[in-house]
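Only the coordinates and a few stated rules stand behind these numbers; no lab work does. Small disclaimer: the values here were computed from a predicted structure and weren't measured. As a convention, Cβ positions derive from the backbone with ideal geometry for all residues, glycine included, and neighbour counts pool all protein chains shown.
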Amino acid sequence: MMRDRVINWLQKNVSSHRLQHILGVESTCITLARCHQLDEQQAAQAGLMHDLAKFFSPQKLLTIAAEVHLPVDEVCLNYPHLLHAEIGAVVAQRKFQVTNPEILTAIANHTLGAPEMSKLSCVVFVADVLEPNRGDSDRLAAMRLVAQENLYKCVQQTSDYSLEYLLSKQKIIHPRTILTRNWASAQAKLS
């Protein structure tokens, strides 16, 4: 029932292309949760709701951030789109009454990541990059296999993948992305 409500809302608030991506993330989250003995329902819910605020205007993102007293650093102030993950968690809480802090944190961390992320947050973070609609390159296929074996190594690999993309397009890189990558690299060596 909750899933139907969320999909109905998404159909009105994101593009059909984005909805396909979201459903791909949901499915990938379930698969990875199964691989890593995590709660599949929590993973599915976080995956389904990860992009709730994806199409919000920069002003709307900043307004909601101010309402909930979300700290907004200089990078996010200049590139408010980066707030869509954390604002998505706010929407999940307000619109769909999600109260589980782990689900909300997984939604909030899906774009920039965070050092010390939970395994659920790691699952949503990598699923956002690896879901089937993202393509079938050899590199993505290899990362999908790693995701099933070593979640932290995959967080590092997907961070590297995203960083390479951002650099190739001369886009801004949020420092949290680098902190996430370095944390995941250290964790991967321990597992």
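Worth a mention:
- For the chain, the Stokes-Einstein estimate of translational diffusion at 4 °C and a viscosity of 1.567 mPa s comes to 78 µm²/s, using the Kirkwood hydrodynamic radius over alpha-carbon pairs.
- Computed over the chain, relative contact order equals 21 percent, with contacts defined as Cα pairs under 8 Å that lie 6+ residues apart.
- Take every Cα pair under 8 Å whose residues are at least 6 apart in sequence, average their separation, divide by the length of the stretch 24-112, and the relative contact order is 30 percent.
- Rg/Rh (Cα only; Kirkwood hydrodynamic radius) as it applies to the stretch 145-191: 1.03
- The length gained by stretching the chain between Ser57 and Lys171 to full extension, at 0.36 nm per residue less their Cα-Cα distance, is 39.1 nm.
- Of Asp73, Asp128, Asp4, the sequence from fewest to most neighbouring Cβ atoms within 10 angstrom is Asp4, Asp73, Asp128.
- Among His21, His69, a tally of other beta-carbon atoms within 10 Å of each Cβ gives an order, fewest to most, of His69, His21.
- The calculated P(r) of the stretch 1-82, using every Cα pair and 5 Å bins from 0, goes 3, 14, 20, 18, 16, 17, 10, 3 in percent.
- Where only C-alpha atoms are counted, convex hull volume of the stretch 94-191 per residue in Å³: 119 Å³
- Note on the chain: with charges restricted to the Cβ of Lys and Arg (+1) and Asp and Glu (-1), its dipole about the Cα centre is near 260 debye.
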